[in-house]
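Chemist: Got a structure here, written out as structure tokens. Questions coming.
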Amino acid sequence: MNARGNRAALTLLASIAFPIAAAAQSPRADRDPRAGSWEIAAALLWTGGYNAGSAAALETRNPSTRSTPLTLFTTDSRLRGAPGVESRLGVYLGRRVSMEGVLEFSRPVLRSHLGGDFESAAPTDADATVTSYVVGGSALYHFGNGRLHPFVEGGVGYLRQLLEDHDGLITGAEFHAGAGLKYRLTHGAHPFALRLDGVASSRSRSVAFDQKRRVVPELAAGLSWRVF
């Protein structure tokens, strides 16, 4: 092959090799967020239950019979674990650090076991649906490179719980901390990723007979999308 043919062959090889090299490098450049990148996420949520305490229904006796109150019945209650939904909107302050706004919604059931009836009625269960919202914010720190990005997170929120028929309203502060991971599913400037979160939510008040701080586990699984 003469010199002219060699030059033509090299030109052809370069025209093929350079796009391939660029294609191989561009996903790596695209998948790393930068300061100012925004991300939205939606997930299915599971919130764990907790012991909601016990109480007794009392009635004042006739003073001529006995001074202590009469116990009509007792109740032991538990807020059951429940599915829900979660949405997040985040902005990256750098490649590793991001801030997110969080909104959670669920409808757990408060189950009360009624027993010890004064008239010897059979024990029974009574259910009441609770509408629960959490609005808050989180800070995230990401690790790793490539498709997989583990992270740790922590933040604060506002809890609002309303019993069915608007029978009672509970509000309180919420603090959460945990970890998770993002697994990138697509390439490009706006990649989709599978996202998993697991946190412990510490709540100053909640639907219960006794008001004390309770720690509730939460698990979420969904998708995130880097908008820009």
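Chemist: Could you count how many residues in the range 195-228 are among the aliphatic types (A, V, I, L, M), surrounded by 15 or more Cβ atoms within 10 Å (Cβ to Cβ) and part of a strand (DSSP E or B)?
Modeler: First, pick out the residues of the range 195-228 that are among the aliphatic types (A, V, I, L, M): 196, 199-200, 207-208, 215-216, 219-221, 223, 227.
Right, trim to surrounded by 15 or more Cβ atoms within 10 Å (Cβ to Cβ) and you get 196, 199, 207-208, 216, 219-221.
Filter once more, so that each one left must be part of a strand (DSSP E or B): 196, 199, 216, 219-221.
Count: 6.
Chemist: Give the residue, chosen from 137, 94, 144, that is without any contact (Cβ under 8 Å) to a residue 60 or more places away in the chain and assigned to a loop (DSSP other than H, G, I, E, B).
Modeler: Values: 137 fails: assigned to a loop (DSSP other than H, G, I, E, B); 94 fails: without any contact (Cβ under 8 Å) to a residue 60 or more places away in the chain.
Checking each option against the conditions leaves just 144.
Rule-based calculations on the coordinates, nothing more; no lab input. In this text, all values refer to a predicted model and were calculated from it rather than measured experimentally. Glycine also receives a Cβ, built like all others from the backbone with ideal geometry; neighbour counts cover every protein chain displayed.
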